[in-house]
Each structure stands twice: as C-alpha cells, then as structure tokens.
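See below for the structure under consideration.
Every number here is computed from the coordinates shown, using simple stated rules; none is lab data. None of the values given here were measured: they were computed from a predicted structure. Here the Cβ is made from the backbone with ideal geometry for all residues, glycine too, and neighbour counts use every protein chain on show.
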Amino acid sequence: MNKGDLIDRVSSDAGISKAQADRAIDSVLRGITDSLRKGERVTLVGFGTFGVSQRRARRGVNPQTNEAIKIPATKGVRFSAGKKLKEVVNKRKR
C-alpha cells in the first residue's frame, strides 16, 4: 500500500473527498514527524509507538580501501508494534 492507496481507503471509509483525506493524512504524518523531531515518543494505542534512538559516534572501515573512518553520531527512528497489531499480523488464516 502506498500513500495514494491509503488516501483512497481513508476517503472511502470516512465518506470524505480524496483531497480532505490527503490533508488529514498529511496532518497526522506532520504531527508524528514534529513530535519525533522534538525527541518525543508518539504512541498510538493498539497500533504501536514511534520513538527516537541515539547512535553513538564510532569508527568504521571503508570496505573498498580498508581505511579507518569516523562515523558520526546520528539519531534513528524506531517503531515498536503494539499488542493488537502483532496479534492481527500473526493471526493464521484457516
């Protein structure tokens, strides 16, 4: 599923226009992004939690030249699936 498919689904399920669904989805994504940028966690009960993790600076090796390089510290985004999402994904069809 891509964003266009999601817009179609939200539009159909909510009985709103595709333009309204697009704005609603953009607003949700912008809210999640802004919270993560501030270092806050975003929890959607039953779905999961988005959070920011820190990676320390470290030394690595360039595989082409075997030269030692410094890899700077970075932030990464983590997602932890909620209990209900895990149950739905792992449910076996009979």
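General remarks:
- Here the average projected area of the convex hull drawn through the C-alpha atoms of segment 41-94 stands at 6.4 nm².
- The chain, dipole about Cα centre (Lys/Arg Cβ +1, Asp/Glu Cβ -1), debye to the nearest 20: 600 debye
- Taking the square roots of five times each eigenvalue of the Cα gyration tensor of the chain, the equivalent ellipsoid has semi-axes of 35, 19, 16 Å, listed largest first.
- Degrees separating the helix 3-14 axis from the principal Cα axis of the chain, which is the longest one: 30 degrees
- Taking a straight line from the alpha carbon of LYS86, these lysines sit under 28 Å away, with near neighbours fewer than eight places off in the same chain left out: LYS3, LYS38, LYS75.
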